[in-house]
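Please treat every number below as a calculation from the coordinates, not as lab data. Quick caveat, the model's predicted, so the values are computed rather than measured. No Cβ is skipped: glycine too gets one built from the backbone with ideal geometry, and neighbour counts run over all protein chains shown.
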Amino acid sequence: MGRAYVVIEGHGEDAAITNLLVRLADDLGLPRVAWAPPIRRNALHREAATLALCDDLRRRPDCERALLLRDDEDGCPRRAGPEIASWVARAALPFPTAVVLFYREYETLFLPCAGAMAGKPLRDPSGAERPGLPPGAIWEGDPEAKRDAKGAVSALLGRRYKATIDQLALTRLLDFEALRRSGLPCFGTLERALRWLVGAEAPGVYPPRAAPDA
């Protein structure tokens, strides 16, 4: 039976990504797919590294779709996303593949949800309960306006945010409706990419190459 592979660059809790994708697909009413454990690759902003990753995915006999996720703190996702997608298209993989960039970091997703998360305890990967965002916590302003989303989450928590401990717990508390109301562009991109990836019945790449100007 084929599986969907997700490729990440960040150093967090692998289960957080799977939790996000499964819950979001369910929220969107999409058919469930079997997600393989996330795999990590570095330097996916470089063509050679992306093509090497494609070769790796091609050699995995159970890979039937793939999602490439990476942070883009200081770049331009509108340019970098299609550029990486064009490299993937050049590899001509035999299954659908999508590229999504989180601007500025994965933790940017948490900021619009601060109000919904406030006052709720967190559970670390071992199941132990620990304090979360204090009651009344809220994030105001554009979540993408400044870099260091991890620092912003630390400020909301009132302690240092640790991705390997806190990322999964906070992901479980993500409020998808709050994210949609916020208009966060990278979340909208993730939703569109997931709809395309799960529904694709033939090889291809998301985002698709823009049509040339007439």
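General observations
- Matching residues in the stretch 11-33 - criterion: being surrounded by fewer than 20 Cβ atoms within 10 Å (Cβ to Cβ) and either assigned to a loop (DSSP other than H, G, I, E, B) or among the aromatic types (Phe, Trp, Tyr) (or both): His11, Leu28, Gly29, Leu30, Pro31, Arg32, Val33
- The lone criterion from (1) touching a Phe, Trp or Tyr at 6+ places or on another chain (Cβ under 6 Å); (2) of a type outside the set (Phe, Trp, Tyr); (3) more than 19 Å from Val6 (Cβ to Cβ) left unmet by Leu173 is number (1).
- Within the stretch 34-58, the set of residues being surrounded by 15 or more Cβ atoms within 10 Å (Cβ to Cβ), out of contact with any helix residue (DSSP H, G or I) (no Cβ under 6 Å at 6 or more places or on another chain) and closer than 15 Å to Asp14 by Cβ comprises Ala36, Ile39.
- Qualifying residue in the stretch 81-94 (condition: of a type in the set (A, V, I, L, M), under 30 Å from Leu173 (Cβ atoms) and outside any helix (DSSP H, G or I)): no
- Across the stretch 95-116, the number of residues qualifying as part of a helix (DSSP H, G or I) and either in contact with a Pro (Cβ under 9 Å, 6 or more places away or on another chain) or under 27 Å from Glu64 (Cα atoms) (or both) comes to 6.
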